[in-house]
Amino acid sequence: MSALTFVQQAVTRISATHVSEPDLAPVRLPAVVGADLEVPVRGGRLVPYANLDYAASAPCLEPVNAAVAAALPAYSSVHRGAGYASQLTTARYEQARHTVRAFVGARPGDALVFVRNTTDAMNLLARSLPEGTTVVVFETEHHASLLPWPDAVRLAPPAFPGEALRAADEALAAIDGPALLVVTAASNVTGELWPIAGLAHIAHRHGARIAVDAAQLVPHRGLNLAALDLDYVAFSGHKLYAPFGAGVLVGRPDWLADADPYLRGGGAVRSVGETVDWSDDPETRHEAGTPNVLGAIALAAACDALTATGWAALVREEERLLARLRAGLAAIPGVRELSLWGQDHPRVGIVSFTVEGRTAREVAEALSAEWGIGVRDGKFCAHPFVRHLLGGGEDGGCADGTVSAVRASIGIGTTTEHVDRLIDALHDLTRA
């Protein structure tokens, strides 16, 4: 099978939820907490907040807030209590594990370890690698996926998706011994979708495994770990409308079962005497101490809410707003959208851009102070990638003095007015 075919299959599978429907009537999306937030702008006025910073942390969904509120009256510690509240909380916690497993299409034998966030998940996996494992990672990754691996093989940003497949193929072919390919599903800088199905095929052809950072994908698209044949998937609740401090690592249990416990403490053991007999169940072995029960419940509630709404409706609304945003940016002189693979490559609701003659921080501060718009500025915890897109060297310097970018990101709760306000504000800024 050719590299091009891999790419086509990957894009088709990752975008499969965006389907044509006979009924295109508006669908009611879940409400977000804080949708009526007003913020001060210059002159002392209050204006409705235009939150365009979803890629950093998405707001809490109302159903998530309700699920946490419902769990609080009976909140207790899990797994070893005989009391009613402990038993009920344990049932809710383990049901959350089941819900999240189903949300990502995990295989029957896959482990799901609750952690704090994607960074925590990738560090857990890094601690679980068999001795002698070589990690291959692209320099386009978020630091959560770029930094946990000592002595990793780093691949340069590929010029097109087929080159990503070729580079991974060549790197893995040169490795003698166990190997792990680490890659994002959707870029946190450009929003572009990566050919993870094709990369998984290549990894397995070389006897390697693949770990996917899905933090920016799962709030925007459905993900089926088994269908895509992925070995590990990591993501965070705070990106998925569940900002209660939980994330997950989902995947094959053997490496996790054989690894030293991520944390050493209560709950991770079968018995303690002169020696310690650690649990060989990965979900117990790596969840020492009292877990973030409410975070797990919140994460599961977000999964349920997105599933109930339906990906077709969610994607349709996002793509409408994203097209409006990108077209508006393209019409502003001096504004340049950042892209690795071109303007037509499929992407989720994330757009990074620069404004000629202004630093990213100046733009972000003006948008907040004068228009009540929240965006992100900087290198987005992806320093090598942003430097590449901006044409800078290792020191971050660029020919025009620009060292960072502005990122606008959308999701449930974003409105047409929010997008139009950003476009109008940037028009004013570029004319000033």
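Things worth noting here:
- Condition broken by ALA369, with the remaining ones in (1) in contact (Cβ under 8 Å) with a residue 60 or more places away in the chain; (2) under 30 Å from THR99 (Cα atoms) satisfied: (2)
- Exclusive hit being more than 21 Å from ALA246 (Cα to Cα), among the hydroxyl-bearing types (Ser, Thr, Tyr) and surrounded by 21 or more Cβ atoms within 10 Å (Cβ to Cβ), set THR134, THR140: THR140
- GLY43 being loosely packed, with under 15 Cβ neighbours inside 10 Å, under 30 Å from GLU365 (Cβ atoms) and modelled with pLDDT under 95: yes
- Among the residues of the range 182-238, those identified as among the charged types (D, E, K, R) and in contact with a strand residue (DSSP E or B) (Cβ under 8 Å, 6 or more places away or on another chain) are GLU192, ARG209, ASP213, ARG221, ASP231.
- Residues (touching a Leu at 6+ places or on another chain (Cβ under 6 Å), small (Gly, Ala, Ser) and closer than 20 Å to ARG316 by Cα) located in the range 179-213: ALA185, ALA186
- Taking the range 317-432 as the region of interest, the helices (runs of 4 or more DSSP H) fully inside it that hold 3 or more residues being at pLDDT 95 or above, out of contact with any helix residue (DSSP H, G or I) (no Cβ under 8 Å at 6 or more places or on another chain) and within 30 Å of VAL47 (Cα to Cα) are 360-371, 416-431.
- Within the range 75-118, tally of residues that are of a type in the set (Gly, Ala, Ser), exposed (fewer than 14 other Cβ atoms within 10 Å of the Cβ) and not in a loop (DSSP other than H, G, I, E, B): 3
- Residue check, LEU124 closer than 23 Å to HIS238 by Cα, in a helix (DSSP H, G or I) and among the aliphatic types (A, V, I, L, M): yes
- Single match in GLU170, GLU163 (criterion: touching a helix residue (DSSP H, G or I) at 6+ places or on another chain (Cβ under 9 Å) and farther than 20 Å from THR119 by Cβ): GLU163
- Test: residue in the range 244-261 that is touching a Cys at 6+ places or on another chain (Cβ under 9 Å) and either among the aromatic types (Phe, Trp, Tyr) or surrounded by fewer than 21 Cβ atoms within 10 Å (Cβ to Cβ) (or both): yes
Here is a yes/no grid of residues against (1) in the same structural domain as HIS286 (by TED's automatic domain parsing); (2) within 28 Å of ALA31 (Cβ to Cβ); (3) acidic (Asp, Glu):
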residue: ALA226; (1), (2), (3): yes, no, no
residue: HIS238; (1), (2), (3): yes, yes, no
residue: TYR241; (1), (2), (3): yes, yes, no
residue: GLY251; (1), (2), (3): yes, no, no
residue: ASP254; (1), (2), (3): yes, no, yes
residue: PRO261; (1), (2), (3): yes, no, no
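- Filter result for ALA296 (surrounded by fewer than 16 Cβ atoms within 10 Å (Cβ to Cβ) and farther than 20 Å from ASP53 by Cβ): no
- Summed over the range 263-304, the residues that are within 30 Å of VAL32 (Cβ to Cβ) and either outside the structural domain of ALA121 (by TED's automatic domain parsing) or of a type in the set (Gly, Ala, Ser) (or both) give a count of 6.
- From the list GLY357, GLY328, the one residue that fits, being outside the structural domain of VAL189 (by TED's automatic domain parsing), on the phi > 0 side of the Ramachandran plot and not basic (Lys, Arg), is GLY357.
The values are calculated or read from the model by the stated rules, or taken from the named source; none is laboratory data. Just so we're clear, the structure is a prediction, and the values are computed from it rather than from any experiment. Cβ coordinates were reconstructed from backbone atoms using ideal geometry, including for glycine residues, and neighbour counts include every protein chain displayed.
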